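Read the structure below first, then the notes.
The values are calculated or read from the model by the stated rules, or taken from the named source; none is laboratory data. Here the structure is a predicted model, which means the values were calculated and not measured. Because the Cβ atoms are built from the backbone with ideal geometry, glycine has one as well, and the counts that use them run over all protein chains shown. Ligands, DNA and RNA are excluded from the accessible area calculation, which covers all protein heavy atoms including side chains. Shrake-Rupley method; radii C 1.70, N 1.55, O 1.52, S 1.80 Å.
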Amino acid sequence: MSVPVAVGCIAATVVCGGVVLGAAQYSVAVAEASAASDAAALAAADALLGLFEREPCDLAGEVAVAGAAELVSCEVDASTLSVRITVHATGVGLVATASARAGPPDMQKAPS
């Protein structure tokens, strides 16, 4: 095998490895965003129901930060709460976004 071919093979391996690692980091960020949005929405819904003496969106923001995420939006609609969370993927410059909604079940849609 000639030197240029070997260098080309090594370069291709490094590039492919970088792409795979970047995709893996983004995948981890998506999972973290999903978990953080679920936790933030549930905590805020508990505050909305009066289980915590806190403002629901403030609590959602604190839970998001504890999960290494950032609260982008928080909307309260009667007894339901929706949050949107972002997480920055380490080393790849991408941002993963997730949203979640929490509140009491809709009894009109429940099976009888």
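Odds and ends about this structure:
- Residue count, the range 31-68 (criterion: small (Gly, Ala, Ser), buried (at least 23 other Cβ atoms within 10 Å of the Cβ) and touching a residue at least 24 places away in the same chain (Cβ under 8 Å)): 8
- Given (1) of a type outside the set (Lys, Arg); (2) under 22 Å from the mean Cα position of the chain (by Cα); (3) part of a helix (DSSP H, G or I), index of the condition CYS9 fails: (2)
- Checking LEU71 against (1) open to solvent by less than 60 Å² (accessible area, probe 1.4 Å); (2) in a helix (DSSP H, G or I), the condition it does not meet: (2)
- Condition broken by GLY91, with the remaining ones in (1) at positive phi; (2) out of contact with any helix residue (DSSP H, G or I) (no Cβ under 8 Å at 6 or more places or on another chain) satisfied: (2)
- Taking the criterion of being small (Gly, Ala, Ser) and modelled with pLDDT under 90, the residues of the range 69-84 that qualify are ALA78, SER79.
- Here the range 83-100 is the region considered, the condition is being open to solvent by 40 Å² or more (accessible area, probe 1.4 Å) and part of a strand (DSSP E or B), and the residue that is nearest to ASP38 (Cα to Cα) is SER99.
- Within the range 1-13, considering residues that are surrounded by 10 or more Cβ atoms within 10 Å (Cβ to Cβ) and not hydroxyl-bearing (Ser, Thr, Tyr), the one farthest from VAL76 (Cα to Cα): ALA6
- Of the residues contained in the range 52-60, one or more are found to be over 13 Å from HIS88 (Cα atoms), touching a Leu at 6+ places or on another chain (Cβ under 8 Å) and at pLDDT below 90.
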